[in-house]
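Taking it in order: structure first as structure tokens, then the write-up.
Each value in this text was obtained by applying a stated rule to the coordinates, not by laboratory testing. Every value quoted in this text rests on a predicted model; they were computed, and no experiment measured them. Counting neighbours? That spans all protein chains shown, and the Cβs are built from the backbone with ideal geometry, glycine included.
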Amino acid sequence: MGILALFISILVVASLLPMAIKRLVRNKTTKPWIKKTIYFLAVFLFFVLLSEIIMNYYDYYYRGYKTRTFILIATCILFVISYIITNFKNKLYKVFIEIILFASVFITCFVGIINLVGYNSDLFFEDDKSRLETFKFINNPKGMLPTLYQKKGIIEEKIILEYTDDNYYNNENYVDKDLISDYKVLENDSLIEAIFYFEDGDSIKTQNKW
């Protein structure tokens, strides 16, 4: 509980930081073209993030490992900068924006830390056609399979894998990054297979979930 309380406290402080910075630079002026550029980029990235969220419901994502996390972070940073350089004339509107900003920074910091803390360990395999990655939050069940992403231009499709009937994991060999020596992803029409090879010569075959 102590670590959790400290973690939440750090997130709260980080979420209040933009308001503190604004008060320190309140007398500073920003050139109009810089403001317009930042506003444009902030709105543009917001709609990119919104389109990413909508695509997620259909198991499609923008291409790239942890791309959605980086889009979220970039959008939040531009939102913070936009807030700092804006001169609010309506105090009620300013308070409203600060509430949204606080929530945005808090959520972004939380999501960013959770997703990036295992940046290297979560990535199993990647080439120009596919990627295998997992998401470890505290302790995942033993034998939990990574997720397969098939790349299609600037978009990639999320594919849930399952063990084939005769390839369910055992206590000696299960899908763990530290135990695997090689990977292979095969696609045949609607059937997609991901094969995991172990150092002892054994292998486990998985396929897309129907």
In nm, what is the difference between 0.36 nm times the number of residues separating residue 57 and residue 183 and their Cα-Cα distance? 42.6 nm
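Could you list 23, 68, 131, 63 so that the one with the fewest beta carbons within 10 Å of its beta carbon is first and the one with the most is last? Intermediate values should be presented prior to the final figure.
Values: 23 9, 68 18, 131 21, 63 13.
If I rank by nearby Cβ atoms, fewest first, I get 23, 63, 68, 131.
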On a 0 to 90° scale, report how tilted helix 67-85 is relative to the longest principal axis of the chain, with both axes built from alpha carbons and the result rounded to the nearest 10. 0 degrees
Dipole axis of the chain (+1 Lys, Arg; -1 Asp, Glu on Cβ), positive-most option in 115, 14, 3: 14
Please list the non-local residues whose amide H lies under 5 Å from the amide H of residue 192, H modeled 1.01 Å from N, same-chain partners needing a gap of 5 or more. 208
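Fewest first, what order do 156, 187, 52 take by the number of other Cβ atoms within 10 Å? Intermediate values should be presented prior to the final figure.
Values: 156 23, 187 13, 52 17.
Listing 156, 187, 52 from fewest to most nearby Cβ atoms yields 187, 52, 156.
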Within 12 Å, Cβ to Cβ, of residue 98, how many net charges do the neighbouring residues add up to if Lys/Arg are +1 and Asp/Glu are -1? +4
Taking Cα atoms, the helix 91-116 axis meets the longest principal axis of the chain at an angle in degrees (rounded to 10) of 20 degrees
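Given Cβ point charges of +1 (Lys, Arg) and -1 (Asp, Glu) and nothing else, what value in debye, to the nearest 20, does the dipole of the chain about its Cα centre take?
2500 debye
Just to confirm the filter: which chymotrypsin sites (Phe, Trp or Tyr not before Pro) across the range 1-99 are DSSP coil and have at most 13 other Cβ within 10 angstrom of their Cβ?
Details: sites: 7, 33, 39, 40, 44, 46, 47, 57, 58, 60, 61, 62, 65, 70, 79, 83, 88, 93, 96; in loops: 57, 58, 65, 88.
Listed in order of number, the matching sites are 57, 58.
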Modelled label-to-label distance, residue 193 and residue 154, 7 Å Cα→beta-carbon offset: nm? 3.5 nm
For the chain, whose charge dipole is built from +1 on Lys and Arg Cβ atoms and -1 on Asp and Glu Cβ atoms, the candidate among 135, 207, 61 with its Cα farthest towards the positive end is 61
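Which of rounded, prolate or oblate describes the range 2-116 when judged by the alpha-carbon gyration tensor and an a/c cut-off of 1.5? Don't skip to the answer; put the middle values down first.
Details: a/c = 2.22, a/b = 1.24, b/c = 1.79.
Oblate.
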Rounded to the nearest 0.05, what FRET efficiency is calculated for residue 25 and residue 129 with R0 set to 41 Å and r the Cβ-Cβ distance? 0.30
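Please tell me which of these pairs span more than 25 angstrom C-alpha to C-alpha: 184/209; 22/89; 36/66? Don't jump to the answer; show the numbers that get you there.
On the way: 184/209 17 Å; 22/89 14 Å; 36/66 29 Å.
The pairs that break the limit, which is 25 Å between Cα atoms, are 36/66.
Would you compute, from DSSP H runs of 4+ residues alone, the mean residue ellipticity of the chain at 222 nm, taking -39500 (n - 2.57) per run and dividing by the full residue count, rounded to the nearest 500? Let's see the in-between values first.
On the way: 4 runs with 93 residues, N = 210.
Taken over the chain, the calculation gives -15500 deg cm²/dmol.
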Using alpha carbons only: equivalent-ellipsoid semi-axes of the chain, gyration tensor based, whole Å: 43, 20, 13
Residue 114 to residue 86: extension gain in nm, 0.36 nm per residue of separation minus the Cα-Cα distance? 7.0 nm
Treat the count of other C-beta atoms within 10 Å as a stand-in for reagent exposure and order 185, 105, 117 from fewest to most. 117, 185, 105
Angle check, please: helix 2-24 long axis (alpha carbons) against the longest principal axis of the chain (alpha carbons), in degrees 0 to 90, nearest 10. 40 degrees
